[in-house]
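To keep things clear, I will list the structure first and then write my remarks on it.
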Amino acid sequence: MENCVLDAGPVISTQPSHGAVQPYMIFPRPEWAALRANVPQSLGEGDIASLRGRNEPVSLEDISEIYLPLSRLLNLHVMATRSLNHMVKSAFMGAPLVTMPFVIGIAGSVGVGKSTFARLLQAVLSRWPDHPNVALVTTDGFLHSTRVLKQRDLMHRKGFPESYDLRQMISFLAALKAGERNLKVPVYSHEAYDIVPDRYQVIDQPDILIFEGLNVLQTVSEQPFMASDFFDFSIYLDAETDVIEDWYVQRFLLLQQTAFRKPTSYFHHCADLSRPEAERMARDIWHRINLPNLRQNILPTRERARVVMHKSPSHAVDTVWMRQI
């Protein structure tokens, strides 16, 4: 396999250096697709249409060649983790087996397609008979409210680590892993651009929890634990930085013609901008907020992921890096 450089980050290579073992195995898309083995196709066109993002094309080929091999890998990890837990609990401690949720963290930049990826992965994993109950939680629900962000002068830092209630996030993950039931996660509204008062998503001991967000792999925290301490597996969605910027702008322009036109939208004031004005605003937001957050807080965590999935400008995953050490 050839040397590969991920954009704006350290060199990741599988070439041996003086006998050293390199951290990643690199799979071009056809090689990764072959690892699907005999896993059956589990989603149809109707399923994909209801799960894909507004400007993120996803095909049956993507499910077959990317998601099904990944679901096979994750299923093996789930089964191995359950087996290990059973051995430790019963053989060593003499305690009854308690199945804990298997937690998958998904990280990546704003605009890279994390939400669509997470929804599709949830749908594919829930088709496996060994773990049909797959929940999805986004870190948006752990953002501080707009009121708090304004009090702390952090509205221009929304999405940065300090804009989240990390204590609440860690408490949720700790309770989840402790087997607590009916855990409440605050609901975030993208339309209102704020936490919805008195609305919650209830998480009740799923087989698998997908935890998706910008900074879920971060290592700096005032808390004694980090979110990634509770992960059994982690995935980073990657693409070239200029490509992600273009995706972000395209999504902003689409929302300007749709969701922003609702009077209740936080960005309703953008609805009547001309296309050049809207594009300038989108690129300004990207360069003032999203790009610095990507460079300072998100991209540096990429090499902590178990799997890095690199996307081409067409949104299709073209290469998969799988950590081997």
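Listing for the model above:
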read-out: Peptides ranked, highest mean first, by Cβ atoms within 10 Å: ranges 103-112, 159-168; value: 103-112, 159-168
read-out: Two-site label geometry, Ala174 and Ser50: point separation in nm, points 7 Å out along Cα→Cβ; value: 3.8
read-out: Cα pair distances of the range 260-325 binned at 10 Å [whole percent]; value: 17, 27, 30, 20, 5, 0
read-out: Alpha carbon Rg of the range 57-168, scaled by the compact-globule rule 2.2 N^0.38 Å; value: 1.41
read-out: Helical mean residue ellipticity (222 nm; -39500 (n - 2.57) per DSSP H run of 4+; nearest 500) of the chain; value: -8500 deg cm²/dmol
read-out: Percent of beta bridges antiparallel (DSSP, the chain, rounded to nearest 5); value: 50
read-out: Gly105 long-range amide H proximity, modeled H, under 5 Å; value: Phe211, Asp232, Phe233, Ser234, Ile235
read-out: Electrostatic dipole magnitude of the range 220-325 [Cβ: Lys, Arg +1; Asp, Glu -1; Cα centre; debye, to 20]; value: 180
read-out: Radius of gyration, Dmax [the range 216-325; alpha carbons; angstrom]; value: 17.2, 52
read-out: Dipole-positive endmost among Ile203, Pro69, Tyr266 within the chain (Cβ charges, Cα centre); value: Ile203
read-out: The chain - charge dipole about Cα centre, Lys and Arg +1 at Cβ, Asp and Glu -1, debye rounded to 20; value: 600
read-out: Above-threshold pairs, the threshold being 24 Å between Cα atoms, out of Lys89/Lys184; Lys114/Lys158; Lys158/Lys184; Lys158/Lys262; Lys89/Lys177; value: Lys89/Lys184
read-out: Cβ-based net charge around Leu209, under 13 Å, with every Lys or Arg adding one and every Asp or Glu removing one; value: -4
read-out: Sequence-separation-based contact order of the range 29-323, relative, with Cα cut under 8 Å and 6+ spacing, percent; value: 23
read-out: Sequence of Leu154, Leu120 once ranked by neighbouring C-beta atoms within 10 Å, starting from the fewest; value: Leu154, Leu120
read-out: Viscosity 1.002 mPa s, temperature 20 °C, Stokes-Einstein D of the chain from Kirkwood C-alpha radius, µm²/s; value: 102
read-out: Dipole magnitude (debye, nearest 20) for the range 233-287, charges at Cβ of Lys, Arg, Asp, Glu; value: 380
read-out: Solution diffusion estimate, µm²/s, Stokes-Einstein, the range 128-255, Kirkwood Rh from C-alpha pairs, 25 °C, viscosity 0.890 mPa s; value: 151
read-out: Those residues of the range 222-245 whose amide nitrogen sits under 18 Å from the label point placed on Arg167, 7 Å along Cα→Cβ; value: 222-227
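Coordinate-derived values only; no laboratory data. Note that the structure is a prediction, hence the values are computed from the model and not measured. Every residue, glycine as well, gets a Cβ built from its backbone with ideal geometry; the counts of neighbours run over all protein chains shown.
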